[in-house]
Amino acid sequence: MNSPATLADAPAPSDLPSSFERLPLSPAMQVNLQRLGYLRMTAIQAASLPPALAGRDLIAQAKTGSGKTAAFALSLLTRLNPRRHAVQALVLCPTRELADQVAQEIRRLARGADNIKVLLLCGGSAMRPQISSLEHGAHVVVGTPGRIIDHLERASLDLRAVNTLVLDEADRMLDMGFFDDIAVVAQACPEERQTLLFSATFPEGIAALGRRFLRQPQRIELAERHEGGKIRQRFYEVADGQRLSAVSRLLDGYRPVSALAFCNTRNRCRELLQSLRAAGFVALALHGDMEQRERDQVLVQFANRSCSVLVATDVAARGLDIDQLEAVINVDVTPDPEVHLHRIGRTGRGERSGWALSLVGGKERGRARNIERAQGGEIEWCALGALPSGRGEPLLPPMVTLQILAGRKEKIRPGDVLGALTGEAGFDKEQIGKIRVAEFSTYVAVDRGIAAEALLRLSAGRIKGRQVKVALLSAAADAASPEQRAC
Ligand code: ADP
Ligand code: MG
């Protein structure tokens, strides 16, 4: 099966069935797709866009990273009337992070349309600014069910003009117990509407959702599993007392730029984080009771390559979508082979290959056998002793994150920050990594070697004509002690 990145590597002649040019999209939209480098449709897009653009309801299933967002976003965008100041499309997502990613993708795709306002409505942010944004008018709302219901109850959100309702990551919304909330939201939308349901898996509840909220939906199923070869799996037997040091050993041996380490329990996460920090790795952890702002900061640093290892449980990692991940490490083997598959599917996205490395204790051999059976092929066992030992260089992430204390509220755009760094401050574009503008802060990744200097020059200079406070996020501070550096 095709994946987005392999599809995108060469311009497609327009007569290919996978060319966007075959779709009834405006010329401006076509140009924008080209600009974004979307040259060919991914498999799920090719299967779902024609019926979606024709107005059909859909239940579409495809794995994570297959391009589902554009599959519904292009459809809802073509149906919008920019001159009508009312919410015409609503996308429900299970988590704030996913909603945020979807909103960003819709905004990028909407550059080919007139002035479309896309608003994110999620918990974890203050109500007041959301209410005032709603008063200013939005065409598309992306949000989590709980917060959308809050707005409905306060009558700050009117869904009576919605013509497209999207249930994204529907399987996860069901997992999280959102069925009743989805019902409340769907009831607030007109009955006469298009409903598009997207899901990575197809548990039983999805059919129930479909029966209840969709009208004669077309079912699209791309039963693709992870392609062989892209994700290389290796299993290592460990004695229980060695498990934590074995993770360091794997990191030293494989030297991934970014690795996600899954633990079965929160306790194990804590132990591992400590052990990695003590060994000098730049590691961060995600846990369930983190404040949203903290969680965002962790994710920003991991996604922009200024943190080598992210430690998490399955629950804490829910919704995490990192496009460049060299390795997934299963610190414990999960009892559920489906969960295992889901974990390792985080790496080896697009054209990239990735490592899936599992540590197996004596009592976990049965679990490894179940995984072997579920994936229908023999698993590869290796010995930790065969990894190169005694490293020369410590494994450090290539980037460091600077936090600028000004964000969307101050109307900062990524270009302003890039401009400040490459203009007056005199750095090369190549030395600057991802720039993420949040509500009150902007995070910019810079090459590790220029971090201190960039901090000084940004603090001394101006962004959008004003002086800004800049801080080095501590996970990235080079000179800090291992403890400080790691958190
Ligand atoms: P999913 O929702 O299925 O997990 P996403 O919609 O988040 O996947 O898309 C995964 C990545 O692929 C995104 O970075 C997106 O920008 C990119 N992408 C989507 N469609 C295309 C395409 N046709 N060509 C190139 N890249 C694409
Ligand atoms: Mg998605």
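Key figures for this structure:
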read-out: Calculated P(r) tail over 22 Å for the range 228-386, as whole % of Cα pairs; value: 35
read-out: Other-chain or far-sequence residues with amide H under 5 Å of Ala285's (modelled H); value: Val311
read-out: Sequence-distant residues sharing a close amide H with Ile463 (under 5 Å, placed H); value: Val468
read-out: Estimated dipole of the range 365-455 in Debye, rounded to 20 [Cβ of Lys and Arg +1, of Asp and Glu -1, Cα centre]; value: 540
read-out: Computed Kirkwood radius, in angstrom, where 1/r is averaged over Cα pairs of the chain; value: 23.9
read-out: Antiparallel content of DSSP bridges confined to the chain, in %, to 5; value: 25
read-out: For the range 28-36, 3J(HN,Hα) per residue [Karplus equation, 6.51 cos²θ - 1.76 cosθ + 1.60, θ = phi - 60°, Hz, x = Gly/Pro]; value: 4, 5, 4, 4, 4, 4, 4, 4, 6
read-out: Given the chain, longest segment not containing exposed loop GluC sites (Glu not before Pro) (DSSP; at most 15 other Cβ within 10 Å); value: 1-190
read-out: Calculated P(r) of the range 13-220 - Cα pairs past 22 Å, %; value: 45
read-out: Computed log₁₀ I(q)/I(0) - Debye formula, equal Cα scatterers, no solvent, the range 399-484, q 0.26, 0.27 Å⁻¹; value: -1.38, -1.48
read-out: Fully extended contour minus Cα-Cα distance, from Asp447 to Arg462, at 0.36 nm per residue; value: 3.4 nm
read-out: Note, ³J(HN,Hα) from phi for the range 415-431, Karplus 6.51, -1.76, 1.60, rounded to Hz, x at Gly and Pro; value: x, 5, 6, 4, x, 5, 6, 8, x, 3, 6, x, 8, 7, 4, 5, 8
read-out: Label-point separation, Ala86 to Arg212 (7 Å along Cα→Cβ), nm; value: 2.6
read-out: Low-density loop positions, trypsin sites (Lys or Arg not before Pro), the range 40-136 - DSSP coil, at most 10 other Cβ in 10 Å; value: Arg83
read-out: Normalised contact order of the range 276-367, rounded percent, pairs of Cα under 8 Å and 6 or more residues apart; value: 25
read-out: Estimated [θ] at 222 nm from DSSP helical runs (n ≥ 4, -39500 (n - 2.57)) normalised by residues in the chain, nearest 500; value: -10500 deg cm²/dmol
read-out: Spatial separation of Cα centroids for the range 38-108 and the range 352-404, in angstrom; value: 35
read-out: Nitroxide proxy distance, nm - points 7 Å out along Cα→Cβ at Lys363 and Lys429; value: 5.5
read-out: Extension gain (nm, one decimal) between Asp158 and Cys382, 0.36 nm per residue minus Cα-Cα; value: 74.8 nm
read-out: Charge tally in the Cβ shell below 13 Å around Arg193, where Lys, Arg are +1 and Asp, Glu are -1, Arg193 excluded; value: +1
read-out: Accessible-area value, Ser245, 1.4 Å probe, nucleic acids and ligands omitted, Å²; value: 70
read-out: Extension gain (nm, one decimal) between Ala239 and Arg408, 0.36 nm per residue minus Cα-Cα; value: 55.9 nm
read-out: For Lys434, distant residues with modelled amide H under 5 Å away; value: Ala445
read-out: 3J(HN,Hα) from dihedral phi, the range 74-83, Karplus parametrisation 6.51/-1.76/1.60, rounded to Hz, x for glycine, proline; value: 5, 5, 5, 5, 5, 8, 7, 10, x, 7
read-out: Residues listed by number, the range 79-122, amide nitrogen under 12 Å from Asp175 label point at 7 Å toward C-beta; value: 94-95
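The values are calculated or read from the model by the stated rules, or taken from the named source; none is laboratory data. No experiment lies behind these values; they were computed from the predicted model shown. Neighbour counts run over all protein chains shown; Cβ positions are idealised from the backbone, glycine included. Each accessible area value is taken on the protein alone, full model and side chains, heavy atoms only, with ligands, DNA and RNA left out. Shrake-Rupley method; radii C 1.70, N 1.55, O 1.52, S 1.80 Å.
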